[in-house]
Amino acid sequence: MFLRFYRTFVLISLILGCQPVLGQDLALGANVGYASFRMQSLKDYQSSTLAYGLPQKMPVVESFPSYFNFSVNGLIYLNKGYFSLTTGHTSTAGRLYYSDYSGYYNSDQLVRMNYVSGGGALRVRPPSSWNVFIGAHWSFYFNTLEINHSENVLGVTNRYAQIYHSTNWGLEGYIEVQKRVKRIFLRCSAGGEIQVPGELGLKDRSGDKVYIGGGGYRINLGAAYTIKLW
């Protein structure tokens, strides 16, 4: 699967790189999207290590569900497609919670992911007001895991936090539909991303390293405004 995405990315880059520079358009835009996150290493850490912070195993309330992402981007349109540069933010979280007659214990795990990405897409039908593209892009992630613990025993509350950082990268393939209205492009894309997990500097109960790897499906809606370059 990874090799298929990689070959598609290289092919798109080669074809677009051979396009003439005349008639280029620059488009500046923004997207809002929805994404899933595999996070297998973090899920294992949550259920096998954090859940055993008390004599009684704590139930998992949330385990890194799908969530929204937000991004801004620049696109250079060529005769057969476009190149793009994007920066954005997304997040997800996990939660453990236990309570009994003596009080409660809560553990929140918030994952924040900022990213930059670059790639390109090929138009798969002749230019018109509706255009369909097949594309791929690389993304580099700057991740933060913040674990917030809160406990209340017999009316006395204690709180403390742990913060970890990591970086990792991913490769996404996608299909995109665009509708052009004068100088405005309306965009809708759907695809999937695979990621190489990033080490957090954290270990589980067995001494194994914990990673962030948020690959999954990606859905985006957006709009862009075009500026003629030449």
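For segment 199-230, enumerate the residues that are in a strand (DSSP E or B) and charged (D, E, K, R). Before you say what the answer is, go through the steps one by one.
Going residue by residue through segment 199-230, those that are in a strand (DSSP E or B) are 199-203, 209-212, 216-228.
Residues satisfying the conditions are Glu199, Lys203, Lys209, Arg218, Lys228.
When you look at Tyr98, is it over 23 Å from Pro59 (Cα atoms), among the hydroxyl-bearing types (Ser, Thr, Tyr), surrounded by 18 or more Cβ atoms within 10 Å (Cβ to Cβ) and in contact with a Leu (Cβ under 7 Å, 6 or more places away or on another chain), yes or no?
Working: over 23 Å from Pro59 (Cα atoms): no; among the hydroxyl-bearing types (Ser, Thr, Tyr): yes; surrounded by 18 or more Cβ atoms within 10 Å (Cβ to Cβ): yes; in contact with a Leu (Cβ under 7 Å, 6 or more places away or on another chain): yes.
Answer is no for this residue.
Which residue, of Gln195, Gln178, is out of contact with any His (no Cβ under 7 Å at 6 or more places or on another chain) and under 17 Å from Gly81 (Cα atoms)? Full working, then the answer.
Working: Gln195 fails: under 17 Å from Gly81 (Cα atoms).
Every option except Gln178 fails the conditions.
Applying the selection to segment 145-183, what residues are outside any strand (DSSP E or B) and free of Cβ contacts under 8 Å to residues at least 40 places away in the same chain?
Initial filter on segment 145-183 (outside any strand (DSSP E or B)): 154-155, 182-183.
Correct list: Lys182 only.
Rule-based calculations on the coordinates, nothing more; no lab input. If you're wondering where the values come from, they're calculated on a predicted model, not measured in any experiment. Methodologically, a virtual Cβ is constructed for each residue, glycine included, from the backbone with ideal geometry; neighbour enumeration extends over all protein chains shown.
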